[in-house]
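Colleague: Just dropping this structure here.
The values are calculated or read from the model by the stated rules, or taken from the named source; none is laboratory data. All of these numbers come straight from a predicted model, not from anything done at the bench. FYI the Cβ positions are ideal-geometry reconstructions off the backbone, even for glycines, and counts take in every protein chain you see.
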Amino acid sequence: MLPPSLRKNKPSKFDKENFFERVFAVVKKIPRGRVTNYGAIANYLGTGLSARTVGWAMNSSHILVPPIPAQRVVNRNGLLTGKNHFATPSLMEELLQAEGVEVVDDKITHFKKLFWNPADEPLIKKKRSKKNN
């Protein structure tokens, strides 16, 4: 018999849907005109080695309504590595420039100055239902 952690009928500790929702919640908090990176989001969510999974979440975010500001998430060097997942290859840069973020050769200028670290924010908590006293 398989141990409980490997049984298919048991929910996974790393539930992809739930993780993507948590990533989207963080991305929604990024202030206009600021940027963060995949690794910072992963670290904030307590899964520091899952920056690539954060990238997968960003790749799937473009169909969400209302949209999330996926253009504000770049790689650790400030490169627009996710630009090909937008409707056009230039849209990510255009959206950033509309927010006042300067991009040269697919790289954010003044990246360190514009970097927003989610760890500096209060932890995103799950919504609780109101209970009657």
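Colleague: Could you list, in sequence order, the residues of the range 21-53 that are within 23 Å of GLU93 (Cα to Cα) and of a type in the set (Val, Ile, Thr)?
Modeller: VAL23, VAL26, VAL27, ILE30, VAL35, THR36, ILE41, THR53
Colleague: Mind counting the residues in the range 35-50 that are closer than 15 Å to ILE68 by Cβ and part of a helix (DSSP H, G or I)?
Modeller: Counting residues in the range 35-50 that are closer than 15 Å to ILE68 by Cβ and part of a helix (DSSP H, G or I) gives 2.
Colleague: So ARG32 clears everything in (1) among the basic types (Lys, Arg); (2) outside any loop (DSSP other than H, G, I, E, B); (3) modelled with pLDDT of 95 or more except one condition, right? Which one?
Modeller: The number of the failed condition is (2).
Colleague: In the range 94-122, what residues are farther than 14 Å from ARG32 by Cα and among the acidic types (Asp, Glu)?
Modeller: Hits for the range 94-122 are ASP105, ASP106, ASP120, GLU121.
Colleague: Right, here's the next one. Which of the residues spanning the range 70-93 are surrounded by fewer than 19 Cβ atoms within 10 Å (Cβ to Cβ), of a type outside the set (A, V, I, L, M) and part of a loop (DSSP other than H, G, I, E, B)?
Modeller: If the condition is that a residue be surrounded by fewer than 19 Cβ atoms within 10 Å (Cβ to Cβ), of a type outside the set (A, V, I, L, M) and part of a loop (DSSP other than H, G, I, E, B), then ASN75, ARG76, ASN77, THR81, PHE86, THR88, PRO89, SER90 are the ones that fit.
Colleague: Next question, about the same structure. Please verify whether the range 51-67 includes one or more residues that are part of a helix (DSSP H, G or I), basic (Lys, Arg) and within 17 Å of ASN18 (Cα to Cα). Don't jump to the end; show me each part of the working.
Modeller: First, pick out the residues of the range 51-67 that are part of a helix (DSSP H, G or I): 51-63.
If we keep only those that are basic (Lys, Arg) too, we end up with 52.
From what is left, the residues that are within 17 Å of ASN18 (Cα to Cα) are 52.
Taking every residue of the range 51-67 in turn, at least one turns out to be part of a helix (DSSP H, G or I), basic (Lys, Arg) and within 17 Å of ASN18 (Cα to Cα).
Colleague: Here is a follow-up. Would you be able to say whether some residue in the range 119-128 is at pLDDT 95 or above and among the small types (Gly, Ala, Ser)? Give the steps one after another, and end with the answer.
Modeller: The initial filter retains those residues of the range 119-128 that are at pLDDT 95 or above, namely none.
Within the range 119-128, none of the residues are at pLDDT 95 or above and among the small types (Gly, Ala, Ser).
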